[in-house]
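Colleague: Starting off with a structure, shown below.
The values are calculated or read from the model by the stated rules, or taken from the named source; none is laboratory data. The shown structure was predicted, so the numbers you read here are calculated from the model rather than taken from an experiment. Heads up, the Cβs are rebuilt from the backbone with ideal geometry, glycines too, and the neighbour counts pull from every protein chain shown. Each accessible area value is taken on the protein alone, full model and side chains, heavy atoms only, with ligands, DNA and RNA left out. Shrake-Rupley method; radii C 1.70, N 1.55, O 1.52, S 1.80 Å.
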Amino acid sequence: MKSHLEIILLSTILLINVQLSSSNERKFPKNFVFGSSSSAYQIEGGWNEDGRGLSIWDVYTHENPNRIADRSNGDIAADSYHKFDEDLKAIKELGLEYYRFSISWPRVMPFGNNSLINEKGIEYYNSIINKLLNANVTPMITMYHFDLPEELNKIEGFLNPSIIEYFKNYSDLLFDKFGDRVKHWVTFNEAFFVCRHGYGTAEFPPTISDSGISDYKCIDNLLKSHAVTYKLYKEKYFKKYDSNGKVGIALNARFFFSETNDTELVNRGLEFELGILAQPIFGQNGGYPEIVLKTIAENDKKEGLEFPRLKQFDSTWLNLIKGSADFLGFQYYSSRMILPISSELTGISFEKDANYNITGNPKWKPGITSQWYSVPEGLELILKWISKKYGDIEIMITENGWADKGELEDDSRVEFLRDHMESILNAIESGVRVTGYLPWSLIDNFEWNAGYTQKFGLYGVDFSDPNRKRTQKKSARYFKEVIKTRKLINQGSTKNISFTFILTVLIIILGIMATR
Ligand code: NOJ
């Protein structure tokens, strides 16, 4: 009799515990913000409307349709140029606190310079900003998201140091026109991607294949452009509008895992892909990482080069770049295994300087392509790495997302978001100052070389419908609930709770019957 009672009591307590722990979801800190991200070329369309100039993506997709998986382009994309109100509806439905979007440089400066300012373009972005603010949503503007004005490409884009002046004039225009209302600015999106794949591997426009030379030149000019813009904001606009404005940069990286626990190799990988851009801005002493400079110099010597391919900034630039960001926009999608290089590379290249191989890991959840394994633990680890390296800097996750074919019941995306938010919470709990999460992306869009074959949206877009109808996905309903409750909700947790509850009641009833 007594043992029956004990069993009943024990199992009841156990089940109540399970129930409590599944309903005791983890909370996000008070000031943590939720938003979502997008970019001009990927969603706007209206490529030749109202005086917009050409960007390198217009020219690249029009001239090389074969380079895009489905031979598509961003001419119409999700047609947000005409349908921002529908995007706004999605933003409101989700309850987003921030919306990050980018300005198409050639839409406001058709030739990339001050010779012509396109008022229609300014009007378009003014209306977006005003509508967001009316809806109580904080606008965050990315100034450069891959779409360089073609006119600047004609004079060598990021390889020409005058890009520093052009970018400064462009950002001056944006601060001047929008800075009274916009307080969150990102100068460059995924600077490593811009330089490595635009000027090194030639995977992206302007398709310059000059690994180990032009990619470094681009990085150097891009960092200088960023710093000059930061200074401009602080000197000219910070006081003029108010002193809450923040200017940051968005850097992307993957974490590296080593099977043999080779921390030196992991570190090397991270320095070559992230430190090269992050340390000059966020490092206590600024400047390029030692390991990067040293290896490049050694290889320069071996190759008998007369000029260094990458040299440390002089003290004026070093000091200007150091500390030139109020926050780091960090973008994480996946990770890789890192291995020592199997056979020594010859000639000059970034790959030779970096000197490692990467692979996937069969234990990771595969994505739509091998590029997109889901590795949430990589996010936590890389956030810890950043914080250990650069101290207590503010980090906003300005992108993070999962690609699929566009399923509306997108359980994989729900799981991806949940797992990555958990990693963020873990990082926060161990002292990393992450202040926001803006997953990629609000709506399905043109995924660069993958065209429309990979979808990232919380909302689906029907690209075969001239109206580009938006439809809420399961992930949108999930994210909305997280934003509303500010808790990390487990997928299907409500089901688990009721199941546990029924089981508890059943066991109690059975127990009572057994003790009679
Ligand atoms: C990062 C880029 O910023 C964005 O434009 C792209 O669509 C996503 N990664 C997914 O590839």
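Colleague: Where does the charge balance sit around Asp300 when Lys and Arg score +1, Asp and Glu -1, over other residues with C-beta under 10 Å from its C-beta?
Modeller: Surrounding charge for Asp300 is 0.
Colleague: Towards the positive end of the charge dipole of segment 31-486, with charges on Cβ (+1 Lys, Arg; -1 Asp, Glu), say which of Gln371, Ile386, Gly212 has the farthest Cα.
Modeller: Looking along the dipole axis, the top candidate is Ile386.
Colleague: Using +1 at the Cβ of each Lys and Arg and -1 at the Cβ of each Asp and Glu in the chain, identify which of Phe350, Tyr81, Met421 lies farthest towards the dipole's positive end.
Modeller: Met421
Colleague: Hey, if you put +1 on the Cβ of every Lys and Arg and -1 on every Asp and Glu Cβ in segment 68-168, which of Ile129, Ile103, Ile117 ends up farthest toward the positive end of that dipole?
Modeller: Sorting the options by dipole projection puts first Ile129.
Colleague: Take the alpha carbon atoms of segment 31-486, find their radius of gyration, then divide it by 2.2 N^0.38 Å using N residues; give the quotient.
Modeller: That works out to 0.92 for segment 31-486.
Colleague: What is the packing order of peptides 31-42, 169-180, taking the mean over residues of other C-beta atoms within 10 Å and listing the highest first?
Modeller: Ranking, from highest mean packing down: 31-42, 169-180.
Colleague: What angle do you read, to the nearest 10 degrees and between 0 and 90, between the alpha-carbon axis of helix 214-232 and the longest principal axis of the chain?
Modeller: Once rounded, one gets 80 degrees.
Colleague: Using a Förster radius of 35 Å, what is the FRET efficiency between Thr369 and Glu303 based on their Cβ-Cβ separation? Nearest 0.05, please.
Modeller: It comes to 0.50.
Colleague: For the chain, what is the charge dipole size about the Cα centre, in debye to the nearest 20, if Lys and Arg each add +1 at the Cβ and Asp and Glu each add -1 at the Cβ?
Modeller: I would put it at about 1780 debye.
Colleague: Now, a different point. Would you mind counting up the charge near Gly283? Only other residues with Cβ under 13 Å from its Cβ, with Lys and Arg at +1 and Asp and Glu at -1.
Modeller: Surrounding charge for Gly283 is +1.
Colleague: Something else now. Run the dipole for segment 224-368 about the Cα centre, Lys and Arg Cβ at +1, Asp and Glu Cβ at -1, nothing else charged, and hand back the magnitude in debye, nearest 20.
Modeller: 700 debye
Colleague: Roughly what would the spin-label model give for Asn48 and Thr471, points 7 Å off Cα along C-beta, in nm?
Modeller: So the two model labels end up 3.2 nm from each other.
Colleague: May I ask you to order 350-358, 102-110 by the average number of other C-beta atoms within 10 Å around their residues, highest value first?
Modeller: Put in order of decreasing packing, that is 102-110, 350-358.
Colleague: Bin by bin, in steps of 5 Å, what percent of the Cα pairs in segment 249-341 do you find, going until the bin that has the longest distance?
Modeller: Bins of 5 Å from zero give 3, 13, 19, 19, 19, 15, 9, 3, 0 percent of pairs.
Colleague: Quick one: with all protein chains in place, what share of the accessible area of the chain is carbon or sulfur, to the nearest percent (1.4 Å probe)?
Modeller: Roughly 53 percent of what the probe reaches on the chain is carbon or sulfur.
Colleague: I'd like the antiparallel share, as a percent to the nearest 5, of DSSP beta bridges with both residues in the chain.
Modeller: 25 percent
Colleague: Determine, for each peptide in 310-318, 153-161, 254-262, 72-80, the mean count of other beta carbons within 10 angstrom over its residues, then list the peptides with the highest first.
Modeller: In decreasing order of mean packing, 310-318, 153-161, 254-262, 72-80 become 72-80, 153-161, 254-262, 310-318.
Colleague: Pull out the extension gain between Asn285 and Leu116, defined as 0.36 nm times the separation in residues minus the alpha carbon to alpha carbon distance; nm, one decimal.
Modeller: Contour length minus Cα-Cα distance gives 56.8 nm.
Colleague: Another question, then. Full extension from Asn244 to Ile155: what is 0.36 nm times the residue separation minus their Cα-Cα distance, to one decimal in nm?
Modeller: 28.4 nm
Colleague: Follow-up. Express in whole angstrom the spacing between the alpha-carbon centres of segment 163-228 and segment 344-420.
Modeller: 22 Å
Colleague: Excluding Leu345 itself, calculate the net charge of residues whose Cβ lies under 11 Å from the Cβ of Leu345, where each Lys or Arg counts +1 and each Asp or Glu counts -1.
Modeller: -2
Colleague: Can you compute the charge dipole magnitude of segment 443-496 about its Cα centre, using +1 on each Lys and Arg Cβ and -1 on each Asp and Glu Cβ, nothing else charged? Give it in debye, rounded to the nearest 20.
Modeller: Taking the Cα centre of segment 443-496 as origin, the dipole is about 420 debye.
Colleague: Where does helix 290-302 land angle-wise versus the long Cα axis of the chain, in degrees 0 to 90, nearest 10?
Modeller: Long axis of 290-302 versus the principal axis of the chain: about 50 degrees.
Colleague: To the nearest 10 degrees, how steeply does helix 493-515 sit against the main Cα axis of the chain, on a 0 to 90 scale?
Modeller: 20 degrees
Colleague: So what is the calculated 222 nm ellipticity per residue for the chain, using -39500 (n - 2.57) for each DSSP H run with n of 4 or more, over all residues, to the nearest 500 deg cm²/dmol?
Modeller: Helix-only estimate at 222 nm: -13500 deg cm²/dmol.
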